[in-house]
Amino acid sequence: MAWFKEWFDSPYYHLLYKKRDDKEAVDFLTQLFNNLTIEPSAKLLDLACGNGRHSRTMAQLGYNTVGVDLSPNNIQIAKQIKSDLTHFFVHDMRQVFKKNEFDAVLNLFTSFGYFVDKNDNIQTLNSVYENLKPGAIFVQDFLNAEIVIKNLVEKETIKRGDVVFEITRTIIEQQIIKNISFEVGQETYEFSEEVTLFTLSDFEQMYQKVGFKIKHLYGDYQLNTYNPRSSDRLILISEKI
């Protein structure tokens with residue numbers, strides 16, 4: 001089984017990452033939508049939505065939002081959001097969801113670069129392109145590869161309640177591999193996360209193949225200018241042409 005199918009569908013994934021900052025998501029998306037002048041009537045697709053953290057914010061801002069994710073458990077949690085503006089489905093982001101349907105697709109929090117077959121990344125971007133209306137916007141929020149390599153934390157211990165997560169990180173052939181191990185009762189669990197360290201140049205080449213035109217680059221959730229040597233994130237704003 002691919003690592004992301006197993007790990008993202010595990011309850012321990014949500015336990016490890018339960019302290020993600022909802023206020024940061026609200027502030028980021030509010031400022032982003034103001035900058036992009038996305039109309040109130042816009043229909044948005046939250047691609048690889050997880051348990052709906054960002055979808056919830058989009059709905060709170062008044063947007064009709066569809067969230068899709070490969071994990072049935074994630075979608076089950078997301079469907080607990082009480083809003084007439086949110087709709088959630090189990091879906092593989094490599095496949096087209098609804099052709100020419102959306103005014104914007106958002107792929108947030110490094111939800112990309114998971115695949116062993118590099119063609120799957122292009123297939124994902126092609127599907128995003130097909131999901132969008134002509135002239136619509138694609139927002140891709142990815143890690144900044146240069147900073148990840150420079151500031152790599154090789155070992156880390158994180159405690160969540162009674163569970164102690166032991167985490168190691170290595171970089172092998174342009175992939176950052178995070179191994180996660182922990183014990184619950186008498187049972188030992190091991191999971192991994194494997195993400196390709198795409199640079200801006202990599203994205204430019206992939207986008208050119210697919211047909212996206214990059215309009216803006218941001219380097220953090222406060223929308224400061226992207227600097228490969230210092231920015232926390234690589235946030236690409238592109239247009240379907």
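The values are calculated or read from the model by the stated rules, or taken from the named source; none is laboratory data. If you're wondering where the values come from, they're calculated on a predicted model, not measured in any experiment. Neighbour counts run over all protein chains shown; Cβ positions are idealised from the backbone, glycine included.
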Please indicate, with yes or no, whether at least one residue in region 109-129 is of a type in the set (D, E, K, R), closer than 24 Å to Asn35 by Cβ and at pLDDT 95 or above. no
Can you tell me which residues in region 123-140 are assigned to a strand (DSSP E or B) and among the polar types (S, T, N, Q)? Gln140
Can you spot a residue in region 198-219 that is in contact (Cβ under 8 Å) with a residue 24 or more places away in the chain, within 22 Å of Leu16 (Cβ to Cβ) and in a strand (DSSP E or B)? no
Out of Val164, Val153, I need the residue that is assigned to a strand (DSSP E or B), within 26 Å of Trp3 (Cα to Cα) and modelled with pLDDT of 95 or more. Which one? Val164
Pairs, first part of a helix (DSSP H, G or I) in region 67-92, second of a type in the set (Ser, Thr, Tyr), C-beta under 8 Å, six or more apart: Asn73/Ser10; Ala78/Ser55; Ala78/Thr86
Counting only residues that are in contact (Cβ under 8 Å) with a residue 40 or more places away in the chain, in a loop (DSSP other than H, G, I, E, B) and of a type in the set (A, V, I, L, M, F, W, C), how many does region 3-59 have? 4
